[in-house]
Amino acid sequence: VTEVGGTKVQNIELPENDFGRNFTVDYNRLLVPESEKDYCDVVKNAYVKSKNREQHVEPILKTIRNEYERSLDNINLISTSTVNTFLTNIQKQDFKEREDSLILLIGSVGSGKSTFIRYIKNVILPEDDKISENLQWFILDMNKAPLAEDKIYDWIISYVIEELVRFNSLNLNLDFLKCLFEDEVKEFENGIGKLLQGNNSYNVKLYELLESLLHNDQRKLKSLIKYIRKKEKKTCIIIFDNVDKATDESQLLMFQVAEWFRKEFKTLIIMPLRDTTYSKYRNKPPLDTVIKDMVYRHS
């Protein structure tokens, strides 16, 4: 107590900081962004670049480009005029880079990992209009996620379905449902449906098929992602945001969910993770499955 001037000094009330109060009221949305518009304003007008962070930009862009190119319907023709030409062209195909990826962005809480993701999305990628206009970003606030293994999988599927429908203003009418579940409808029409054509039972059976598909969220989400890729010519990028604010155990669960989602729905995922959690568990399941080239340290 004597070192700081005694109780008299400790009990002194400091005058109110008018500047700090007014600054917080006017600019808190920039200091602590809450909406995507706030984040966009920050990264476009107030983002401070760092050499340590900028070195990660090109590798991440390369991964996004590979994901975009992989999703294109165009088929690259390989010349088979000679065996040597065929083998040479096959060797040029980098299949490993075309696998769906999970990118980990490692850093301490509050280091700006979420802002860096928006910087890539809103500042860097728009410079390449061809790719940028063909990407759909879905930033999921994992603060809302249930931290129970028996609930998180169903929750994340429902969450992404809602975002896909909302973002694309999809009208789930009969014509759209037939298009969405095109493969299943064709299988029905070319199969037992042929026996029912011209019969009232045909519509009943088609209704039962579509209803069962609509109530199977996992099947529904796969069809939605496929529809967006095939019909809308868009590639989905899923961000598991705010994962790093949870406990170590919850972060590991979120990673497990992200890895499952990547494999199940064939999408590119970016997930911030706390540096201390990664350092502690990187050689243990489930983090030991991470492809080290897909881990970027943010500082």
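In this view, the solvent-accessible surface of ILE12, computed with a 1.4 Å probe and all protein chains in place, comes to about 100 Å².
Assuming R0 = 35 Å, can you tell me the calculated FRET efficiency for the pair LYS233 and LYS263, based on Cβ-Cβ distance, to the nearest 0.05? Kindly include the intermediate steps, with their values, before the conclusion.
Numbers: r = 23 Å, r/R0 = 0.67.
It comes out at approximately 0.90.
Pairs spanning more than 18 Å between alpha-carbon atoms, out of LYS37/LYS220; LYS49/LYS121; LYS178/LYS230; LYS178/LYS205; LYS186/LYS226; LYS37/LYS121: LYS37/LYS220.
What's the FRET efficiency of GLU187 with ASP150 using the Cβ-Cβ distance as r and R₀ = 45 Å, to the nearest 0.05? Please report the intermediate quantities before stating the final value.
Working: r = 32 Å, r/R0 = 0.72.
Computed FRET efficiency for GLU187 and ASP150 comes out at 0.90.
The solvent-accessible area of CYS179, taken with every protein chain present and a 1.4 Å probe, is close to 50 Å².
Please go through region 211-299 and write out the trypsin sites (Lys or Arg not before Pro) that DSSP classes as loop and that have at most 16 other C-beta atoms within 10 Å. Don't skip to the end; give the middle numbers.
On the way: sites: ARG219, LYS220, LYS222, LYS226, ARG229, LYS230, LYS231, LYS233, LYS234, LYS245, ARG262, LYS263, LYS266, ARG274, LYS280, ARG282, LYS292, ARG297; in loops: LYS231, LYS233, LYS234, LYS266, ARG282.
When the trypsin sites (Lys or Arg not before Pro) of region 211-299 are filtered for loop state and at most 16 Cβ neighbours within 10 Å, LYS231, LYS233, ARG282 remain.
Within region 243-297, what whole-number % of the accessible surface is contributed by carbon and sulfur, with the 1.4 Å probe and all protein chains included in the calculation?
52
Of the residues VAL48, VAL243, VAL165, the one with the largest accessible area comes first in the ranking VAL48, VAL165, VAL243, computed with a 1.4 Å probe on protein heavy atoms.
The values are calculated or read from the model by the stated rules, or taken from the named source; none is laboratory data. What you see is a predicted model; the values in this text were computed from it and never measured. Ideal geometry is used to build each Cβ from the backbone, glycine not excepted, and the neighbour counts take in all protein chains shown. Remember, those area values only see protein heavy atoms, side chains included, never the ligands or the DNA or RNA. Shrake-Rupley method; radii C 1.70, N 1.55, O 1.52, S 1.80 Å.
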